[in-house]
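Derivation of every value follows stated rules applied to the coordinates shown; laboratory data play no part. Predicted, not measured: the structure shown is a model, and the values here were computed from it. Neighbour counts run over all protein chains shown; Cβ positions are idealised from the backbone, glycine included.
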Amino acid sequence: MIRLVGAELTRLRSRRLSIVAALVVLAAVALFQIAIHSEVAPSAAVQAQGQQAYEQAQKEWQDSHATNVAECLQEGGSTQEECESYDPAPTPQNYSAVPESFDEVGSIGVTTAAYLAMFTSFLVAASFIGAEYATGSLANWLTFVPQRLKVFVSKGVAVVLGSALLGAVAVFATLGLTAAQVAAHGEPLVRAGHLAASGGRAVVLVAVAGLLGYVLALLARHTVAAIVVPLAYGLVRTVLVGFTQDADAPLAWLPPYLPELNLQAFLDRGATYSQYRSVLADGSDYTEIEKHVSFAHSGVYWLTVVVVAVLVGAGVFKRRDVT
Amino acid sequence: MSTSAPPRHARDPELALSTSGLRKTYRTRRGRRVAVEGLDLRVPRGGVHGFLGPNGSGKTTTIRMLLGLIRPDSGTMTVFDHPVPERLPEVVDRVGAIVEQPKFFPAFTARRNLELLAAAIGAPRSRVDQVLTEVGLGERGKDRFRSYSLGMKQRLAIAGTLLKDPELLIFDEPTNGLDPAGIHEIRETMRSLADAGRTVLVSSHILNEVQQVADTVTIIGRGRLLAEGDVASILARGGTEAVRVRVPDPAAAAEVLTAAGFAPEPGPPGTVLVRAAAGQGRLNAASVTRALASREIYLAELVWQRPDLEEVFLSLTSEEHLGAGVSHPVPPPPPPAAAARRDGGRS
């Protein structure tokens, strides 16, 4: 088995798409660093300018806030808190008067890197098996190694390892370089441990994305067919939104079982989402209900997805004719 | 396919591979189509065995079933006396196969393609260079597979099979698309492999081409066995050999030849087809010319008419009303008694 996994890993790293994917991810990491540079390490001039703008905004807010809230209440705002929330106080961060914290930027970095790596590894993994069907080389391979389950597992392990490596590079390079920028500017690495753990979970999700790409392409016997699945889901999701936002809608129970919410919950150790319930009969007013998807829920969700994908993929591959 | 069911014929260690009652159907939009129907195949160890039949007769399907790529509906198969696909992993290292066209990763070099296969079976990397040199691709190993000509691709596929140093080589339509030089090269390769003690199973729809290299053949049509045996005995089923003579007066020539003990019959205009009469033994062309010359009938032309596998095949298919590559609906499976009779007749 180790021999087979080794052969599959050799093929994976020799593929042009794998190399291109790795370069794209590294380029994205570099671009992210450029993009956040002015946020985490603003120059003294930018900070001074920001401070000036912030003080100006603060003064304007103090002058107008009470009036704004009063107008809000007169125009139908239901509570003082609600109207207060419509006119929040400016913060120094809004005006780049102070550097963004490592916690804030690192969290965005982990999420961005995770989503990019997940998409990339899904694509690479789907193409990894799709190319074997397209060229017919899978049949050739099976004349050398006829044990179907062994072949399925070796390819799957190679894809998971390759995806995890890609995810680790994407996430930890992002975090590491961000930390370096923050530290170089003399700012503390706030909640670094928390972000590292989140990065670890992101790597797991990237590996899962690779596995799903592999299994979907294996089932569809085509790279493009596998890639169409998440795109089609994206389309279905836009339609589903209309049926899941109302707390009393027939599909109101669905959001905790949708992948995007579970991705967020797994990365951030829990996620919240909102549903709405009409207060007035004509629907002109409503209340917002905040709901929570726990980390444990998302863990079980992804574990189930992996187990089902592996079982279905292995079952189909074991029995299917390969021509 | 049931593994517990007893095979219909006893397993024979002298056979490189065998099938018994092998059946495979495919689902199509118009229902099920029979690809292989109750095929009994016996390939002896050593030599070149031709597996012949027209396109769509079930050759590739049979080979794929033997290699575990597709699952038969029923029947049993053995490779080196091991039931397959159940025990295929035990014998797969002794079998090298090219099914249809050579299938490699086009963007990889020939060497990288073979290195991957070598890694999968635990063959040393040095073996890759050996087999590349063996098939004459040592200099082109660093070129991408997609840049290869069809002949080179075929040679690379043969190199791939040799990585295992197999006892049995299965070539499915190996000369498809090759030019005459390429065909000759592949034929020579097959012969030399067989001469080195290996068994070569070569499937082809070009029957006369295989006739030149095969020691034994199996002919199938519509997934059914039509004939099997050594080439000479199969050819004998195509009729006796004859000579066609072109003469000024065919009727007079026929009279002379009849009187001389031959069995002439009218041939194409201006010719007589001459066979040896019953009990006369092999036809001797010199006797024919001598008999005619003795009556001052001189030949303008003499051509040997020898039966070839193509004629045998056409004769067999016309006897069985079988066409080539025509799909037909699934008939009910034969009753056990009929199947047993068929096996009894073969063994």
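Observations
- Expected 222 nm ellipticity per residue - DSSP helices of 4 or more, -39500 (n - 2.57), all of the protein assembly as shown, to 500: -17500 deg cm²/dmol
- For chain B, Kirkwood radius (reciprocal of mean inverse C-alpha pair distance, Å): 22.6
- For the stretch A:142-296, the fraction of alpha-carbon pairs lying more than 27 Å apart is 47 percent, rounded to a whole number.
- Per residue of B:117-124, other chain Cβ atoms within 10 Å of the residue Cβ number 5 on average.
- Using θ = phi - 60° in the Karplus curve 6.51 cos²θ - 1.76 cosθ + 1.60, the 3J(HN,Hα) couplings for the stretch A:114-131 round to 5, 5, 5, 5, 5, 4, 5, 5, 4, 5, 5, 5, 5, 5, 4, 8, x, 5 Hz; x is entered for Gly and Pro.
- Label zone at A:Ala252, where the point sits 7 Å out along the Cα-to-Cβ direction: the stretch A:284-323 residues whose backbone N lies under 20 Å: A:284-294
- Take each residue in A:131-143, count the other chain C-beta atoms within 10 Å of its C-beta, and the mean is 6.
- Less than 5 angstrom separates the built amide H of B:Ile170 from those of B:Gly96, B:Ala97, B:Ile98, B:Leu201, all sequence-distant by 5 or more or on a different chain.
- Model label sites at A:Gln245 and B:Arg237, defined 7 Å from Cα along the beta-carbon direction, differ in position by 7.6 nm.
- Nonlocal amide H pairs with B:Thr218, under 5 Å, H built at 1.01 Å: B:Gly50, B:Phe51, B:Leu52
- Among beta bridges from DSSP that stay inside chain A, the antiparallel ones total about 90%.
- Peptide A:3-16 is shielded by partner chain Cβ atoms: per residue, an average of 3 of them sit within 10 Å of its Cβ.
- Near B:Ala16, the amide H atoms lying under 5 Å from its own belong to B:Val43, B:Arg45; only residues 5 or more places off or on other chains count, and H is placed 1.01 Å from N.
- Computing FRET efficiency as 1/(1 + (r/R0)^6) for B:Thr258 and B:Arg306, where r is the C-beta to C-beta distance and R0 is 30 Å, gives about 0.85.
- Projecting the Cα positions of A:Val308, A:His297, A:Gly270 onto the charge dipole of the stretch A:228-323 (unit charges on Cβ atoms of Lys, Arg, Asp and Glu, taken about the Cα centre) puts A:Val308 furthest along the positive direction.
- Within the stretch A:208-228, backbone nitrogen closer than 20 Å to the virtual label 7 Å beyond the Cα of A:Gln264 toward Cβ: A:209
- Between helix B:150-162 and chain B: long-axis angle, C-alpha atoms, 0 to 90°, nearest 10: 60
- For the stretch A:166-239, the alpha carbon convex hull comes to 118 Å³ per residue, rounded to a whole number.
- Derived scalar couplings ³J(HN,Hα) [the stretch B:290-296; Karplus, 6.51 cos²θ - 1.76 cosθ + 1.60; whole Hz; x for Gly, Pro]: 5, 4, 6, 5, 5, 9, 6
- Rounded tilt (10° steps) of B:309-319 against the dominant C-alpha axis of chain B: 80
- Backbone HN-Hα couplings from phi across the stretch A:317-323 [Karplus 6.51/-1.76/1.60, Hz, Gly and Pro as x]: 5, 5, 9, 6, 6, 10, 10
- Cα→Cβ-extended label distance, 7 Å offset, between B:Asn208 and A:Ala192, nm: 8.2
- Separation of the stretch B:147-166 and the stretch A:154-173, taken as the distance between their Cα centroids, equals 33 angstrom.
- Take the Cα of B:Arg71, step 7 Å toward its Cβ, do the same at A:Gln80, and the gap between the two points is 7.3 nm.
- Of the residues A:Trp141, B:Trp304, A:Trp302, the one with the fewest other Cβ atoms within 10 Å heads the list, and the complete ranking is B:Trp304, A:Trp302, A:Trp141.
- The protein assembly as shown - convex hull of the alpha-carbon atoms, volume per residue in Å³: 246
- Förster radius 56 Å - calculated FRET efficiency between B:Gln130 and A:Val305, Cβ distance, rounded to 0.05: 0.75
- Mean projected area of the Cα convex hull of chain A, taken over all directions, amounts to 20.9 nm².
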